[in-house]
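None of the figures in this text is laboratory data; all of them are computed from the coordinates on show. Here the structure is a predicted model, which means the values were calculated and not measured. Positions of Cβ are generated from backbone atoms using ideal geometry, with glycine treated the same way; all protein chains shown enter the neighbour counts.
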Amino acid sequence: MFKLTQELAQQFQRDGYIVVPGLFDTEEMDALLKTAKADRQLEQSAYGRKDASGAVSKLALWNEPGDDLYGTIARCERIVNTMETLLGDEVYHWHSKMMLKEPLVGGAWEWHQDYGYWYNMGCLFPDMASCLISVDRASKENGCLQVLKGSHKIGRINHLASGEQAGADMERVEQAMQRFELVHCETAPGTGIFFHGNTLHRSDQNRSPNSRWSLICTYNTKHNSPYKPSRHAAYAPLKRVPDSAVKEWIGRQGQLVGA
Ligand SMILES: O=C(O)CCC(=O)C(=O)O
């Protein structure tokens, strides 16, 4: 099971992200893929956000991590303990979302920092981070996550409307692009990408025949609970579960089917 090394923690501080292949194994990811693709409620709750050219990026988002597979993943130690080391405080669940980048039509996400959104929700500090878990294989062709390596050091950039999304001020992004390496995070299912709330990131439209779904679990630190009511949760202790809980959840479904 993945345990954060000091080297990886230093890499996160330096680069604003780390990539962890095999954060979830094949059995766990097959279960997530099967569960998510058969989940009609997920499909019905998904909504679209147009990118700058009008193509729609779909996502389903929730605040409360439940006992289902998504919530079990979001509460498991391999993510939560890692987040606490990376962010230097107790963390709680801010939200999770399934990004549904559909074949041929999936929209782009414009350059942004996540803290560009969360700043306006009453979070004083950028001490927040996400773990993107690849559900489908992600490649340049189907619009994988792109990051500007080290860009979290810039601090928060102003965000302006870009299509139906909030995009980072492009004057700043263009300067950042001259100074920081652009990395396309091409990943196999089960890979986790931990990235800081101020890391500049985006993804291209999906013109390929392959879908690119990913589950993104996001955490806020206890000291950074919003000072005003927001769309997302104020601090409440996260009910973390051992890493084995994911396989236990899968086992329970097998028993239900077999019963
Ligand atoms: O899934 C993607 O392509 C990008 C996601 C993203 O930008 C975000 O969740 O902030």
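Can you give the helix-only mean residue ellipticity at 222 nm for the chain, where every DSSP H stretch with n ≥ 4 adds -39500 (n - 2.57) and the sum goes over all residues, rounded to the nearest 500 deg cm²/dmol?
-8500 deg cm²/dmol
Between Asn158 and Glu141, with labels modelled 7 Å along Cα→Cβ, what's the label distance in nm to one decimal, could you check?
Each label point lies 7 Å from its Cα, and together they span 4.1 nm.
Averaging over every viewing direction, what projected area does the convex hull of the Cα atoms of the chain cover, in nm²?
Working: hull surface 53.1 nm².
About 13.3 nm², averaged over all directions.
Calculate, in nm to one decimal, what Ser53 and Ser244 gain on full extension: separation in residues at 0.36 nm each, minus their alpha carbon distance.
Working: separation 191, 0.36 × 191 = 68.76 nm, distance 4.33 nm.
Answer, rounded to one decimal: 64.4 nm.
Once you have the Cα-Cα distance between Lys37 and Arg252, take 0.36 nm times their residue separation minus that, and quote the gain in nm to one decimal. Can you show the working numbers first?
Working: separation 215, 0.36 × 215 = 77.40 nm, distance 1.89 nm.
Result: 75.5 nm gained on full extension.
Along the charge dipole of the range 1-68, pointing to its positive end and built from +1/-1 on Cβ of Lys, Arg, Asp and Glu, which listed residue (Asn63, Ala46, Pro21) has its Cα farthest out?
In the range 1-68, that residue is Ala46.
Over the range 10-258, calculate the relative contact order: mean separation of alpha carbon pairs under 8 Å at least 6 apart, over the residue count, as a percent. Before the final figure, lay out the partial values.
Numbers: 566 pairs, mean separation 82.1, N = 249.
33 percent.
For labels at His184 and His223 in the simple 7 Å Cα→Cβ model, what's the distance in nm?
A separation of 3.9 nm, rounded to one decimal place.
Let a ≥ b ≥ c be the square roots of the eigenvalues of the Cα gyration tensor of the range 1-81; is it rounded (a/c under 1.5), or, if not, prolate (a/b larger than b/c) or oblate? Walk me through the intermediate numbers first.
Details: a/c = 2.26, a/b = 1.37, b/c = 1.65.
Verdict is oblate for the range 1-81.
Which one, Ala234, Ala38, Ala188, has the greatest fluctuation when you compute a Gaussian network model over the chain with C-alpha springs under 10 angstrom?
The residue that fluctuates most here is Ala38.
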